[in-house]
């Protein structure tokens with residue numbers, strides 16, 4: 001992640017703030033942690049925190065980003081769409097203490113919105129790849145949203161159950177229910193339904 005001294009120093013500062021945040025979560029609930037707690041834990045100022053992060057939840061998102069940057073397969077763009085969903089599950093397990101604490105906090109909706117955006121981004125990629133441009137924008141967005149909300153529902157239930165099933169198990173189940181074959185068939189049905197409307 002060293003693309004120049006400025007970026008390296010910025011990432012190093014973020015890492016120190018994130019480490020302080022993670023340490024606090026060992027003894028305090030997410031709702032009870034303040035920006036001052038985080039900065040005092042690494043001898044930095046509140047101004048430094050807000051220079052690097054817009055909010056408390058922004059530091060949670062950066063922890064996800066940091067895990068993704070450590071994953072060379074994600075960085076290089078390898079793998080199928082299921083591999084990419086598996087990464088979300090795997091990062092969530094790695095950041096278990098953070099996610100459980102946020103899940104049980106007043107910021108739950110922000111966490112769900114974040115998972116939804118991740119789902120839309122990753123599922124949207126495969127829909128675009130397999131649709132070959134045959135869907136109009138409205139149908140494409142509807143399909144991506146439907147699958148993304150289903151993904152978030154699965155994530156919520158999994159977290160609520162304590163993440164007992166492995167990421168591999170979760171992805172195997174998702175593949176059986178909404179695998180690439182299902183996606184392609186649904187795309188074809190959506191396209192044909194539009195053709196039928198236009199021909200009426």
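Could you check how many residues of segment 140-168 are part of a helix (DSSP H, G or I) and within 18 Å of the chain's Cα centre (by Cα)?
The first filter runs over segment 140-168 and keeps only residues part of a helix (DSSP H, G or I), leaving 140-160, 167-168.
Then drop every residue that is not within 18 Å of the chain's Cα centre (by Cα), which leaves 144-160, 167-168.
Final tally of qualifying residues: 19.
Look through 99, 123 and report the one residue that is within 19 Å of residue 30 (Cα to Cα), crowded, with 19+ Cβ neighbours inside 10 Å and either at pLDDT below 80 or in contact with a helix residue (DSSP H, G or I) (Cβ under 9 Å, 6 or more places away or on another chain) (or both). Give the steps one after another, and end with the answer.
Numbers: 123 fails: within 19 Å of residue 30 (Cα to Cα).
Of the residues listed, the single one that is within 19 Å of residue 30 (Cα to Cα), crowded, with 19+ Cβ neighbours inside 10 Å and either at pLDDT below 80 or in contact with a helix residue (DSSP H, G or I) (Cβ under 9 Å, 6 or more places away or on another chain) (or both) is 99.
Starting from segment 109-132, take each residue that is in the same structural domain as residue 30 (by TED's automatic domain parsing) and list its partners that are surrounded by 13 or more Cβ atoms within 10 Å (Cβ to Cβ), counting only C-beta distances under 8 angstrom and pairs at least six apart or across chains.
none
Of the residues that sit in segment 133-161 and are under 30 Å from residue 104 (Cβ atoms) and in contact (Cβ under 8 Å) with a residue 40 or more places away in the chain, which one is surrounded by the most Cβ atoms within 10 Å (Cβ to Cβ)? Write out each step before concluding.
Let us first name the residues in segment 133-161 that are under 30 Å from residue 104 (Cβ atoms), namely 144-161.
After this cut, where a residue has to be in contact (Cβ under 8 Å) with a residue 40 or more places away in the chain as well, the list is 151-152, 155-156, 158-160.
On the way: 151: 21, 152: 20, 155: 23, 156: 15, 158: 18, 159: 18, 160: 10.
If we take residues in segment 133-161 being under 30 Å from residue 104 (Cβ atoms) and in contact (Cβ under 8 Å) with a residue 40 or more places away in the chain, then 155 is surrounded by the most Cβ atoms within 10 Å (Cβ to Cβ).
Taking the condition surrounded by fewer than 19 Cβ atoms within 10 Å (Cβ to Cβ), over 30 Å from residue 23 (Cα atoms), modelled with pLDDT of 90 or more and in contact with a helix residue (DSSP H, G or I) (Cβ under 7 Å, 6 or more places away or on another chain), does residue 106 pass? Before the answer, list the steps.
Working: surrounded by fewer than 19 Cβ atoms within 10 Å (Cβ to Cβ): yes; over 30 Å from residue 23 (Cα atoms): no; modelled with pLDDT of 90 or more: yes; in contact with a helix residue (DSSP H, G or I) (Cβ under 7 Å, 6 or more places away or on another chain): yes.
Here the answer is no, as residue 106 does not meet what is asked.
The values are calculated or read from the model by the stated rules, or taken from the named source; none is laboratory data. As the structure is a computational prediction, the values presented were derived from the model and not from experiment. So basically every Cβ, Gly included, is an ideal-geometry build from the backbone, and we count neighbours across all protein chains shown.
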